[in-house]
Amino acid sequence: MPDNLTYKIIKEHLVEGEIKKGSEIGIRIDQTLTQDATGTMAYLQLEALGIEKVQTELSVSYVDHNTLQNGFENADDHRYLQSAAAHFGVWFSRPGNGICHQVHLERFGVPGKTLLGSDSHTPTAGGLGMIGIGAGGLDVAVAMAGGPFYIKVPEVVNVQLEGKIPPWVGAKDIILELLRRLTVKGGVGKIIEYSGTGLKDLSIPERATIANMGAELGATSSLFPSDSVTRNFLKAQERGKDWQLLEADRQANYDHEIIIVLDDLEPMAAAPHSPDAVKPLSEIKAVKVDQVAVGSCTNGSYYDLCLLAEIMKGQVVHPGVSLVVAPGSRQALITLSREGVIEELVRSGARILETACGPCIGMGQAPPSGAVSVRTFNRNFAGRSGTADAKVYLTGPAAAAAAALRGEITDPRELGDYPHLKDEYAPVIDDRMIIPPPEDGSNVRILRGPNIKPVPLNKPLPQQIKARVLLVVEDNVTTDHIMPGGSKVLPLRSNIEALSEYVFSGLDKDCYLRAREYGSNLIVAGDNYGQGSSREHAALAPMVLGVKAVLAKSFARIHQANLVNFGILPLTFRDPADYEKLSAGDDLHLNNIEKQLRSGQVSIEHVGGGFNIRAEHQLSPRQLKIIKAGGLLNYTRLNNDLN
């Protein structure tokens, strides 16, 4: 039977289970990546597993998130990560070398391989023809230790890109159009596979932009074929030997098909406060702009910033606008500098930031109070910018340039002729900021600062849970809501006790104190609970606060897996209308838990209400064992379950 590209790669890596829709399988992971906001915990977990050296073909530790060093915490984490990388046999990308996804695309990604990363935008690598999947740090630690990664067999959606992209329309507009059609939960349980005549005009950085923001659909991954465009990119990176031709078979089967006629697209923007609140720029009128930010792992490539510079050339940023630019990698920065592009940007009034995630994760460059910020990033959740009442619009670099020049949201087609960019360039290849691991790192001492604390462990699942509803939240609650980021909170990622004080702090400032008072807690949620980042801290910190279960209408994939990994029960309403019956402070009892979980159906007693809530779970037999053990770390150590 003809195979799509997704199933071809999965079959090559299948180590457990069978490819049957919705069933759980284990796949071999070839490569892993971690970044410093999630990586410290991942390596602490690797230490806890008792592993001497990573078992993957390649693992890379990147420092790109917590690069503001207002105190000792971030610098201590970076020192820990460098020493841990040397000890365990991991490559180390130093601060200043760039954002993990762009650097991995340039220097390490290989078509046909699997990549697991402790960052939700790991699917960026799909632009190169590899299956990249975001996961919690504990899943990545287990993969580094040689264990399989488990997913449910995904549905595969074929998105056919037909025709030719018009001037002033870019890759960002393609993925925004898909978000407009499918919404932020339209990709849950799916891998998005791209095909069509329009692919030949999409460069690898453009494909990576689209694959990157597949995470905003909730998709497990996004995947492009490996073709002549891929070959040319790898040759330019002096990695031509890594190329192979990879494409779906003719007449391959897909679960769904979507056609996007590129000729019909126009410049788009995602309005506040969701990546799927997409509108054509022609319909957004006279919105004053205070800040423009260009870069990130989504649009920080050489071509993105060349386009920005060409549009800005000879002009100066509007006096009411602050323009900041963050190249995605050191390679891009050096190449842009060599060709005079950085000088053009500085002449136009742009402020050049370091090659890091920066303002995308609220790490600096917070907009003014009540401001409008136009950003070429991938998320615009409320408060993520670091300013609670800021309004963030997501666009491509052309629309960002137009906003920077005009001082208001502008359809870039109003700027006149589209600038000419050369088709090819020679990137500067310089890997001196990437440190290879020693042949034997067993004698390398791992260095820890005082803020780096041991991984907290859960207890095995009891037979009865008596819990109080900590809070009731609505649909599409993100991991940013559960465990905020920003320059104040991110340095605490290595200290879960301290971090737990900020759980849900943006939604309920008294949440921490109430959780401590209740002792045993339960969260009630709407649809798509836990969308957004892979941060396992959004499960780990609530666990420390006594959260025993989350009862939701539905879950985002990564967060549900993280809840299981830390022994928190993810349950769904059998009747979504029961959501309306619950309030913060309600007492709920779950009795005979193990027996109920085996049946798949769970009855939750509302103490004092005189009624029961009917719930269910979608956990595999393996996940039930993990829950029973009190989390994946306990389960793995008890069962030595790595190979």
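Using Cα centres only, tell me the gap between the stretch 477-547 and the stretch 593-643 in whole Å. Result: 21 Å between the Cα centres. Distance from the Cα centre of the stretch 139-188 to that of the stretch 32-67, in angstrom? So the two Cα centres are separated by 24 Å. For the residue pairs LYS21/LYS235; LYS21/LYS113; LYS152/LYS581; LYS190/LYS285; LYS11/LYS459; LYS185/LYS391, alpha carbon separations beyond 27 Å are given by LYS21/LYS235; LYS152/LYS581; LYS190/LYS285; LYS11/LYS459.
Maximal additional length on extending the GLU283-LYS509 stretch stands at 77.7 nm, based on 0.36 nm per residue less the C-alpha distance.
Rounded, prolate or oblate: which fits the stretch 323-415 when a ≥ b ≥ c are the square roots of the eigenvalues of the alpha-carbon gyration tensor, with rounded for a/c under 1.5 and prolate only if a/b beats b/c?
On the way: a/c = 2.06, a/b = 1.29, b/c = 1.60.
The shape class here is oblate.
Quick one: grab the alpha carbon gyration tensor of the stretch 5-264, order the square roots of its eigenvalues as a ≥ b ≥ c, and give me rounded if a/c is under 1.5, else prolate or oblate depending on whether a/b is larger than b/c. Judged from the Cα gyration tensor, the stretch 5-264 comes out prolate (a/c at least 1.5, a/b above b/c).
What Kirkwood Rh does the stretch 76-210 have if only Cα atoms enter the pairwise 1/r average? Answer in Å. Display every interim value, and only then the final one.
Values: mean 1/r = 0.0596 Å⁻¹.
Evaluated over the stretch 76-210, this radius sits at 16.8 Å.
Here the stretch 89-128 is scanned for amide nitrogen atoms under 14 Å from the site 7 Å beyond the Cα of ALA236 along Cα-to-Cβ, giving 105-107, 128.
With +1 on the Cβ of every Lys and Arg and -1 on the Cβ of every Asp and Glu, and nothing else charged, how large is the dipole of the stretch 465-631 about its Cα centre, in debye rounded to the nearest 20?
Values: 19 positive and 18 negative charges, 126 e Å.
For this selection, approximately 600 debye.
Of the residues LEU115, ALA577, PRO427, the one whose Cα sits farthest towards the positive end of the charge dipole of the chain is ALA577 (charges of +1 on Lys and Arg Cβ, -1 on Asp and Glu Cβ, taken about the Cα centre). Expressed as a fraction of 2.2 N^0.38 Å, the value expected for a compact globular protein of N residues, the C-alpha radius of gyration of the stretch 450-552 is 1.03. Cut-off 19 Å, label point 7 angstrom out along Cα-to-Cβ of LYS313: give me the residues of the stretch 155-180 whose amide nitrogen falls inside. Within reach of a label on LYS313, which here means backbone N under 19 Å from a point 7 Å along Cα→Cβ, the stretch 155-180 contributes 167-169. Let me make sure I get this right: for the stretch 267-367, a, b and c are the square roots of the gyration tensor eigenvalues over alpha carbons, sorted descending. Under 1.5 in a/c it's rounded, otherwise prolate if a/b > b/c, else oblate. Which is it? Verdict is prolate for the stretch 267-367.
Let me spell out the model: positive unit charges on the Cβ of Lys and Arg, negative unit charges on the Cβ of Asp and Glu, origin at the Cα centre of the stretch 250-322. What dipole size does that give, in debye rounded to 20?
Values: 5 positive and 10 negative charges, 66 e Å.
The calculation lands at about 320 debye.
Its DSSP H runs of at least 4 residues, each contributing -39,500 (n - 2.57), put the calculated 222 nm mean residue ellipticity of the chain at -8000 deg cm²/dmol, to the nearest 500. Computing Rg and the Kirkwood Rh from the Cα coordinates of the stretch 186-293 gives a ratio, Rg/Rh, of 1.02.
Inter-part distance, the stretch 424-447 to the stretch 220-260, computed on C-alpha centroids, equals 28 Å.
Evaluating 6.51 cos²θ - 1.76 cosθ + 1.60 at θ = phi - 60° for every residue in the stretch 488-503, the Karplus couplings come out as 7, 9, 4, x, 8, 4, 8, 9, 5, 4, 5, 5, 4, 5, 9, 4 Hz, glycine and proline recorded as x. Summing charges over all other residues whose Cβ lies under 12 Å from the Cβ of THR6, with Lys and Arg as +1 and Asp and Glu as -1, gives -4.
Residue order for MET433, MET130, fewest other beta carbons within 10 angstrom first, comes to MET433, MET130. Placing a label point 7 Å from the Cα of GLN618 along the Cα-to-Cβ direction, the residues of the stretch 149-165 with a backbone N closer than 15 Å are 151-156.
Neighbouring Cβ atoms within 10 Å as the yardstick, rank CYS360, CYS100 fewest first.
Numbers: CYS360 26, CYS100 31.
Ordered from fewest to most neighbouring Cβ atoms within 10 Å, CYS360, CYS100 come out as CYS360, CYS100.
Model label points for ASP227 and GLU501, set 7 angstrom from Cα along the Cα-to-Cβ axis, are 5.4 nm apart.
Efficiency by 1/(1 + (r/R0)^6): what FRET value for SER603 and LYS628, r their Cβ-Cβ distance, R0 = 25 Å, to the nearest 0.05? Efficiency, rounded to the nearest 0.05: 0.85.
Summing Cβ point charges (Lys, Arg +1; Asp, Glu -1) relative to the Cα centre of the chain gives a dipole of roughly 1160 debye. The label-point distance for GLN464 and GLU439, in a model that sets each label 7 Å from Cα toward Cβ, rounds to 6.2 nm. Distance between the modelled labels on LYS595 and LYS20, one decimal in nanometres: 2.9 nm (7 Å Cα→Cβ projection). Between the amide H of GLY112 and those of MET130, ILE131, distances stay under 5 Å, these residues lying 5 or more places away or on another chain, with hydrogens modeled in the peptide plane.
Every number in this text was worked out from the coordinates using simple rules, so none of it is lab data. What you are looking at is a predicted structure, and each value in this text was computed from that prediction instead of being measured. Cβ coordinates were reconstructed from backbone atoms using ideal geometry, including for glycine residues, and neighbour counts include every protein chain displayed.
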